[in-house]
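Enquirer: First the structure, then my questions, so here it is.
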Amino acid sequence: MSVVWQQKTHGVLKRQEKMQRLLARLLLGVVIITTVLAGIYLTVVASNVHTARRLWEMENQMAAVMRDNQGLMAEIARLSSIPVLQERSVALGYQPAKSIDYLYLGEP
Amino acid sequence: MLHGPDARLRLITVLLIAALLPILGQLVRLQVLEHSQYQNEAETLVSRQYSLPEAPWGVIMDRNGDLLVGNVPVYNVGAEINLITDTMMAASVLAPLLNRPEEELLATLTLTQSAQTLQWRPLTNRVPAETAQKLRELGWSWITLSPTWERYYAEGAMACHTLGFVNASGMGYGVQAFQLRFLRGDRVQRVGPVSGDTSPLPDELLNDNLTPYPGTDLRLTIDRTIQAFVEGVLDQAIVDYKAAGGTIIVMNPRTGEILAVASRPNYEPHRYPEYMEKGQESIFRDPAVSIPYEPGSVFKVITVAAAYDSGRADMNWTYNDLEKLEYGGASIRNSDGAAYGQQGLQGILDYSLNVGAATLSTQVLGADLFYKYVRAFGFGQTTGIELTGEAAGIVHLPTDWDWNDSHLATNSFGQGIAVTPLQMAVAISAVANDGVMMEPRIVLERQYADGRIVPIPARELGRPISAETAHVVAEMMAHSVEKIAKAAQVPGYRVAGKSGTAQIPTSGGYDPQQVIVSYAGFGPVPNPQVVVLVNLERPDVPAHMRWGMHIAAPVFQKVISRVLILMGVPPSDVRAAQ
């Protein structure tokens with residue numbers, strides 16, 4: 001009887017096959033889990049990068065809006081400054097009151 | 001040699017392991033043994049200083065919310081010169097836009113042979129947004145635009161001393177320098193890993209809050225309309241009387257709020273570098289708070305108030321006004337050199353009698369009591385206003401090394417004592433406010449970027465005199481206006497006031513020609529709503545006109561008559577009817 005025949009008859013090869021299948025499944029499981037974890041990690045990192053990029057863009061947008069806002073405030077202030085208002089009111093025919101009469105309204 | 005598949009398989013395994021071993025070895029060397037060295041190198045490669053756009057400084061508004069100081073966006077322009085393809089063309093296009101000579105720009109943009117690596121050079125600073133837009137439209141990626149801010153003064157030079165400015169190193173004048181820690185916007189500048197366009201990498205952005213925080217806005221007590229009117233009156237007075245300078249202060253005696261404060265000479269705050277280049281830094285000092293002067297006869301109000309409040313002199317008190325009074329080696333005479341005979345407290349104010357004031361300080365009050373009141377009125381001390389460079393003035397006390405007995409006599413009519421216009425206005429406001437002296441205020445409230453509003457409460461500086469004394473002195477001052485100072489009278493309103501004419505001290509005496517004329521008063525009486533102080537320096541008019549009564553009183557009248565209307569204070573008869 002050859003050794004192989006003996007192994008077959010005593011179930012040794014069967015046990016080895018079973019063990020190998022188990023190892024293969026384990027390895028496959030590890031690969032799948034690793035792949036899933038790596039996928040999740042990459043997704044999180046990608047999302048992180050995307051969010052950070054958006055954040056950076058929004059920071060810059062906010063700064064740009066702030067600049068526009070301040071610029072407009074300055075422009076409004078220029079248009080409503082005393083010399084401009086004086087010029088405009090003179091053009092509209094306004095002038096300082098020559099006499100002011102006060103009327104006392106008693107409590108009702 | 002190699003028989004069977006198992007043997008060949010073993011050989012392949014051995015070869016593979018042998019091939020993998022050097023790789024593993026290198027991995028261990030790079031990742032374990034030399035890990036820190038390579039990490040440092042990597043960090044050096046990607047770490048750069050980066051900055052987020054600078055947040056704007058807080059704006060400054062008047063009491064009604066009108067903008068006085070704002071911000072406009074400007075840009076610093078630079079170039080990565082090793083990326084330029086046509087330097088000649090670039091220089092010719094940029095020269096008119098950046099307002100720089102073409103040859104100079106060409107030299108800046110030209111890459112030197114010794115430096116072939118990335119080179120950035122600044123081209124110009126603070127170009128307006130319109131120019132920045134034109135530069136963007138050129139589409140040249142090598143041009144860098146860094147946004148920053150420039151202060152914008154909406155009313156030009158108006159209230160320049162109050163608003164002031166701050167230079168790049170944080171030094172300056174006015175309320176901006178005083179409130180710098182609130183006004184200044186946040187600037188985020190850090191060193192960390194950056195991407196190719198020098199924006200921070202994700203971890204840097206997500207691990208920290210980098211949003212710059214804008215500065216705090218200030219709402220001032222200044223009323224823009226009153227301020228503009230007062231500045232116009234001051235300019236006109238300086239032209240009319242050919243004065244070298246002047247100050248007008250308008251304040252609310254009830255709260256200490258400064259409604260307007262104007263001084264000449266003035267300046268345009270945004271052009272401060274030009275003044276500095278010309279060596280004109282002295283123009284930045286605010287005469288209202290930083291430059292003491294001898295107040296002259298306006299100070300008699302303090303002397304009379306002290307005498308009455310101490311109980312040493314009442315309305316029946318009299319003295320014999322002779323031609324002169326000798327005291328401490330000084331010979332005190334009235335301004336016209338005349339003797340006025342029997343006079344009381346009212347006469348001292350009506351005729352501005354130096355002899356009478358000196359009699360009160362030397363014979364009625366004495367040094368201890370007189371200077372107790374002088375200190376109580378705040379002279380010789382800063383008022384605490386939120387402006388830089390406030391002077392305390394000069395008050396000689398009997399305990400001082402440079403004390404002279406004559407000081408007691410001369411100080412009583414405002415000579416030999418130096419006060420700031422603000423101190424004088426604050427002291428007069430105590431008379432107008434039932435004896436209560438309020439701390440002068442320039443900031444009404446702070447408005448934080450997160451929406452919080454923090455009002456600055458009114459604070460009492462002290463009560464130098466009783467309410468009764470204040471009413472009596474106010475009545476005397478109002479009587480003085482009705483009887484003597486017709487130029488200060490306001491139709492429809494009862495006002496109180498006192499003029500002053502002070503010689504200007506020089507080394508070794510007083511200038512025989514030059515004077516500072518002033519007028520301080522308030523109205524309406526009773527229940528005053530506003531205190532006005534007018535100072536005009538070195539008016540160039542005929543000698544007989546060179547008096548506070550002739551020059552400063554009409555200016556006071558012009559200011560208070562309009563300010564009462566602007567404040568909506570009804571005339572005295574309407575108030576009486578109420």
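The values are calculated or read from the model by the stated rules, or taken from the named source; none is laboratory data. In this text the structure is predicted, and so the values were computed from the model without any measurement. Neighbour counts run over all protein chains shown; Cβ positions are idealised from the backbone, glycine included. For accessibility, only protein heavy atoms count, side chains too; no ligands or nucleic acids. Shrake-Rupley method; radii C 1.70, N 1.55, O 1.52, S 1.80 Å.
Enquirer: At a 1.4 Å probe, which residues in the stretch A:12-61 are at least 30 Å² less accessible with all protein chains present than in their chain isolated?
Expert: Buried by the other chains: A:ASN48, A:ALA52, A:ARG53, A:LEU55, A:TRP56, A:GLU59.
Enquirer: Largest first, how would B:THR225, B:THR148 line up by accessible area (1.4 Å probe)? Display every interim value, and only then the final one.
Expert: Working: B:THR225 70, B:THR148 15 Å².
Listed by decreasing accessible area, they come as B:THR225, B:THR148.
Enquirer: For chain B, report the accessible area per residue in Å² (1.4 Å probe, heavy atoms, rounded to an integer).
Expert: Details: 25760 Å² over 578 residues.
Using a 1.4 Å probe on heavy atoms only, each residue of chain B averages 45 Å².
Enquirer: When you look at the Cβ of every residue in A:72-79, what mean number of other chain Cβ atoms sits within 10 Å?
Expert: Working: counts 1, 8, 12, 4, 4, 11, 6, 1.
If you average over the peptide's residues, the count of other-chain Cβ atoms is 6.
Enquirer: Could you put B:TYR327, A:TYR41 in order of accessible surface area, largest first, with the 1.4 Å probe and the full protein assembly present?
Expert: Values: B:TYR327 75, A:TYR41 145 Å².
Greatest to least solvent exposure: A:TYR41, B:TYR327.
Enquirer: Expressed as a whole percentage, what fraction of the accessible surface of the stretch B:5-79 belongs to carbon and sulfur atoms when a 1.4 Å probe is rolled over the protein heavy atoms? Write down the numbers at each step before the final one.
Expert: Working: 2920 of 4590 Å².
Exposed carbon and sulfur together represent 64 percent of the surface.
Enquirer: Where the accessible area of chain A is counted over protein heavy atoms with a 1.4 Å probe, how much of it, in %, is carbon and sulfur?
Expert: Values: 6080 of 9230 Å².
Carbon with sulfur: 66 percent of the solvent-accessible area.
Enquirer: Can you give the accessible area buried between chains A and B, summed over both chains, with a 1.4 Å probe, in Å² to the nearest 100? Before the final figure, lay out each step's value.
Expert: Numbers: alone 10620 and 27030 Å², together 34990 Å².
Summing both sides, the interface buries roughly 2700 Å².
Enquirer: If each residue of separation counts as 0.36 nm, what is the full-extension length gain between B:ASN527 and B:ARG136 once their alpha-carbon separation is subtracted? Numbers along the way, then the final one.
Expert: Working: separation 391, 0.36 × 391 = 140.76 nm, distance 6.18 nm.
Between B:ASN527 and B:ARG136, full extension yields an extra 134.6 nm.
Enquirer: Given a 1.4 Å probe and the protein chains all in place, what does the accessible area of B:ILE291 round to, in Å² to the nearest 10?
Expert: My reading of the accessible area for B:ILE291 is about 70 Å².
Enquirer: Cα centroid distance between the stretch B:139-182 and the stretch A:31-82, in Å?
Expert: Here the two parts' Cα centres lie 27 Å apart.
Enquirer: Would you kindly find the accessible area of B:TYR213, with a 1.4 Å probe and non-protein molecules such as ligands, DNA and RNA excluded, rounding to the nearest 10 Å²?
Expert: Rounded to the nearest 10, that gives 110 Å².
Enquirer: Compute the acute angle (0 to 90°) between the alpha-carbon long axis of helix B:35-46 and the principal axis of greatest extent of the alpha-carbon atoms of chain B; round to the nearest 10°.
Expert: Between helix and principal axis, roughly 60 degrees.
Enquirer: In what sequence, highest mean first, do B:73-83, B:548-558, B:532-542, B:38-48 appear when ranked by Cβ atoms within 10 angstrom? Kindly include the intermediate steps, with their values, before the conclusion.
Expert: Values: B:73-83: 18.3, B:548-558: 25.8, B:532-542: 23.3, B:38-48: 11.5.
Highest mean packing first, the order is B:548-558, B:532-542, B:73-83, B:38-48.
Enquirer: Still on this structure, please answer the following. What net charge is computed for the residues neighbouring B:ASN527, neighbours being all others with C-beta under 13 Å from the C-beta of B:ASN527, Lys and Arg scored +1, Asp and Glu -1?
Expert: Details: positive: B:ARG254, B:ARG494, B:ARG575; negative: B:ASP434, B:GLU475.
Charge balance in the 13 Å sphere: +1.
Enquirer: Extending each Cα 7 Å along its Cβ direction at B:LEU9 and A:ASP101, get the distance between those two points in nm, one decimal.
Expert: Modelled inter-label distance: 12.1 nm.
Enquirer: Here's another thing I want to ask about it. What is the log10 of I(q)/I(0) for the stretch B:209-253, computed with the Debye formula using one identical point scatterer on each Cα and no solvent, at q = 0.15, 0.17, 0.22, 0.30 Å⁻¹?
Expert: -0.56, -0.64, -0.83, -1.09
Enquirer: Tell me what the protein assembly as shown gives for mean residue ellipticity at 222 nm when only DSSP H runs of n ≥ 4 count, each as -39,500 (n - 2.57), the sum divided by the residue total, rounded to 500 deg cm²/dmol.
Expert: -13000 deg cm²/dmol, from helical runs alone.
Enquirer: From Cα pairs below 8 angstrom and at least 6 apart in sequence, can you work out the relative contact order of the stretch B:402-470, rounded to a whole percent?
Expert: Working: 73 pairs, mean separation 21.0, N = 69.
Computed value for the stretch B:402-470: 30 percent relative contact order.
Enquirer: For A:HIS10, B:HIS471, B:HIS479, give the ranking by accessible area with the largest first, probe 1.4 Å.
Expert: Working: A:HIS10 135, B:HIS471 100, B:HIS479 70 Å².
Sorted by accessible area, descending: A:HIS10, B:HIS471, B:HIS479.
Enquirer: What spacing in nm lies between the two simple spin-label points modelled at A:THR34 and B:ASP368, each 7 Å away from Cα in the Cβ direction?
Expert: 9.8
Enquirer: Give the accessible area for B:LEU20 in Å² (nearest 10); use a 1.4 Å probe, count only protein heavy atoms, and leave out ligands, DNA and RNA.
Expert: Accessible area of B:LEU20: about 100 Å².
Enquirer: Another question, if that's okay. What is the gain in length, in nm to one decimal, between B:TRP403 and B:ASN316 on full extension, counting 0.36 nm per residue of separation less the C-alpha to C-alpha distance? Display every interim value, and only then the final one.
Expert: Values: separation 87, 0.36 × 87 = 31.32 nm, distance 3.28 nm.
That works out to 28.0 nm of additional length.
Enquirer: While we're here: Calculate the mean, over all residues of peptide B:53-60, of how many other protein chain Cβ atoms lie within 10 angstrom of the residue's Cβ. Kindly include the intermediate steps, with their values, before the conclusion.
Expert: On the way: counts 7, 2, 3, 6, 1, 0, 4, 0.
Mean partner shielding for this stretch: 3.
Enquirer: Of the listed peptides B:407-418, B:276-287, B:156-167, what is their order by residue-averaged count of other C-beta atoms within 10 Å, with the highest listed first?
Expert: Details: B:407-418: 25.2, B:276-287: 14.4, B:156-167: 22.7.
Order by mean packing, descending: B:407-418, B:156-167, B:276-287.
Enquirer: In nm, to one decimal, how far is the modelled label at B:ASP240 from the one at B:ILE504, with both set 7 Å along Cα→Cβ?
Expert: According to this spin-label approximation, the distance is 2.1 nm.
Enquirer: If contacts are Cα pairs under 8 angstrom and at least 6 residues apart, what is the relative contact order of chain B in percent?
Expert: Numbers: 1181 pairs, mean separation 82.2, N = 578.
Dividing the mean separation by the residue count of chain B yields 14 percent.
Enquirer: In vacuum, with every alpha carbon of the stretch B:232-307 counted as one equal point scatterer, what does the Debye formula give for log10 I(q)/I(0) at q = 0.21, 0.22, 0.23, 0.25 Å⁻¹? Two decimals, please.
Expert: -1.15, -1.19, -1.22, -1.26
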